[in-house]
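Below is one structure, written out as structure tokens; comments come after it.
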Amino acid sequence: MPQITVTEHVLMQQKESPMASGRFTRLLNELILAAKIISREVNKAGLVDVLGFTGEVNVQGEQVQKLDEYANKILIHRMERSGVLCALASEENADLVRIPCGFPSGNYFLIFDPLDGSSNIDANVNVGTIFSIYKLEEGVNTDNVGELLRKGAEQVCAGYFLYGTSTMLVYTTGKGVHGFTLDPSVGEFLLSHPDIKTPEIGRVYSVNEAYWNYWDEPTREAVAYFKGTDNERGKSYSQRYIGSLVADFHRNLLYGGVFMYPYDSRDPSKPHGKLRLLCEANPLAFVIKHAGGLATDGVNDILDIQPTELHQRVPLVIGSKRDVEKVAEIYKKHRG
Ligand code: P6P
């Protein structure tokens, strides 16, 4: 395969979009630079004292790991200077991050989870950065968060960086899903997985079955469908669950499978599950859609949900189309 860098790939795609400007390319390049810096730190986490907790707690009520904080600071520092954003939002920040006075701005809106799966960092498990990009109309009022909250279907780009055995970037602008692998010897992301398509029926199911006693009946029936043999495959799916959304999603994207983080009754303060709509569900739903898969909240397409809050949570069923449709069929049967 010819060595195509992600920048060349973006420029090739840009030529196909007459409306595209170099501003989007600049945005993506700044994001890529931030990810390279984060990758460098993640890959030496065991050597430098960036492990362990800062003792602080983020807006999600989770202990903040130093690498979480570092990744968040790198992304905010680079992106607020990109000159193309009207605002940005991070899973780690309670409020919108505004572009400092005097900095050039634009009409792109970036939302990210700086280091998803960070609870696994000490065990050297893959973690990732998830990002979602909207292009808003000129002059949008960033003082009113409500004006920035758009359905996932309106994203112009979404994807993730996966810091694992290698560092990968997987993204889509709606023209296929493309994977790039970082060649550290040249510091470039090179096209390694062109036009990724996820199998229509998977062979893996991913869910934390420790919560079985807290699930409702339809969720139990759905999980039992994948565990059993009375399904379209005629045999049970393999159970794989790393506890790092980006890693679980990426494996299922390539091999075919379904990831579920449904509602459970453990924590009444989280009636819609643990995962966040804007910085986790929407970007991955945009990727899976353009890879031929599907993402729902159990029944409704994630991309059709109108957000009402920056950090709202949503149940998530995502992956191979037929598998996600089967879960929706089970939920609808129970809900009448
Ligand atoms: P649980 C990581 O904290 C995360 O947000 C996702 O990356 C992951 O899929 C999920 O939480 C794991 O949650 O409750 O199974 O430990």
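The values are calculated or read from the model by the stated rules, or taken from the named source; none is laboratory data. Fair warning: this is a prediction, and the values are worked out from it, not measured in the lab. Cβ placement follows ideal geometry from the backbone for every residue including glycine, while neighbour counts extend to all protein chains displayed. Heavy atoms of the whole protein, side chains included, go into the accessibility calculation; ligands, DNA and RNA do not. Shrake-Rupley method; radii C 1.70, N 1.55, O 1.52, S 1.80 Å.
Taking label positions 7 Å along the Cα-Cβ direction at both LYS175 and LYS332, the computed distance is 3.4 nm, reported to one decimal. Annotation: amide H of LYS270 has no partner in the under-5 Å range at sequence separation 5 or more or interchain, hydrogens built in the peptide plane.
Neighbours of LYS15, meaning other residues whose beta-carbon lies under 13 angstrom from its beta-carbon, give a summed charge of -1 when Lys and Arg score +1 and Asp and Glu score -1.
Estimated purely from DSSP H runs of n ≥ 4, each contributing -39500 (n - 2.57), the mean residue ellipticity at 222 nm for the chain is -9000 deg cm²/dmol once divided by its residues.
Amide H contacts under 5 Å for GLY164: none, restricted to partners 5 or more places along the chain or on a different chain, H placed in the peptide plane at 1.01 Å from N.
For the chain, report the accessible area per residue in Å² (1.4 Å probe, heavy atoms, rounded to an integer). List each step's numbers first, then the result.
On the way: 14150 Å² over 336 residues.
Each residue of the chain exposes 42 Å² on average to a 1.4 Å probe.
Computed from label points 7 Å out along Cα-Cβ, the spacing between ASP195 and GLU309 is 4.3 nm. Here the chain is treated with +1 on each Lys and Arg Cβ and -1 on each Asp and Glu Cβ, and its dipole about the Cα centre works out to around 700 debye.
Considering every Cα-Cα pair within the range 294-336, what fraction, in whole percent, is farther apart than 17 Å?
Values: 294 of 903 pairs.
Counting every Cα pair in the range 294-336, those more than 17 Å apart make up 33 percent.
Between ASN93 and ARG40, what FRET efficiency comes out of the Förster formula 1/(1 + (r/R0)^6) with R0 = 22 Å and r the beta carbon distance, rounded to 0.05? Don't skip to the answer; put the middle values down first.
Details: r = 23 Å, r/R0 = 1.04.
In this case the efficiency is close to 0.45.
Cα-based Rg of the range 138-234 per 2.2 N^0.38 Å, rounded to two decimals?
Compactness ratio reported: 1.58.
Is the shape of the range 226-296 rounded, prolate or oblate, going by the alpha carbon gyration tensor and its root eigenvalues a ≥ b ≥ c, with a/c under 1.5 for rounded and a/b larger than b/c for prolate? Since a/c reaches 1.5 but b/c is at least a/b, the shape of the range 226-296 is classed as oblate. Inter-label distance, TYR241 to GLU16: 3.8 nm, where each label sits 7 Å from its Cα along the C-beta direction. For the chain, the share of alpha carbon pairs falling in successive 20 Å distance bins from zero is 32, 60, 9, 0 percent. Reducing the range 296-319 and the range 84-102 to their Cα centroids gives an inter-centroid distance of 22 Å.
Packing-based ranking of 273-284, 307-318 yields 273-284, 307-318, ordered from highest to lowest mean Cβ neighbour count within 10 Å.
Straight-line cross-link partners of LYS270 among the lysines, defined as a Cα under 24 Å from its Cα and at least 8 positions apart when in the same chain: LYS151, LYS332.
How much length would be gained if the chain were fully extended between VAL145 and SER119, taking 0.36 nm per residue of separation minus their Cα-Cα distance, in nm to one decimal? Provide the component values of the computation, followed by the final result.
Values: separation 26, 0.36 × 26 = 9.36 nm, distance 2.90 nm.
Gain in length upon complete extension: 6.5 nm.
Extension gain, ARG233 to ARG23: 0.36 nm times the residue separation minus the Cα-Cα distance gives 71.0 nm.
Rule-of-thumb check for the range 63-128: C-alpha Rg over 2.2 N^0.38 Å? Before the final figure, lay out the partial values.
Values: Rg = 13.1 Å, N = 66, 2.2 N^0.38 = 10.8 Å.
Output field value: 1.21.
Charged neighbours of TRP215, selected by a Cβ distance under 12 Å, balance to -3 (K, R count +1; D, E count -1). Rounded to whole numbers, the Karplus 3J(HN,Hα) couplings from phi for the range 228-233 are x, 10, 8, 9, 4, 7 Hz, using 6.51 cos²θ - 1.76 cosθ + 1.60 with θ = phi - 60°, and x at Gly and Pro. Taking only the C-alpha atoms of the range 204-336, Rg followed by Dmax gives 13.6, 42 Å. Amide hydrogen proximity for VAL97: with H placed 1.01 Å from N in the peptide plane, the residues at 5 or more positions away or on another chain lying under 5 Å are LEU88, ALA89, SER90.
Of LYS15/LYS289; LYS175/LYS321; LYS15/LYS36; LYS73/LYS289; LYS235/LYS326; LYS135/LYS175, which ones are farther than 20 Å apart at the Cα? If you can, show how the numbers build up before the last one.
Working: LYS15/LYS289 23 Å; LYS175/LYS321 18 Å; LYS15/LYS36 26 Å; LYS73/LYS289 30 Å; LYS235/LYS326 15 Å; LYS135/LYS175 16 Å.
Table pairs above 20 Å Cα-Cα are LYS15/LYS289; LYS15/LYS36; LYS73/LYS289.
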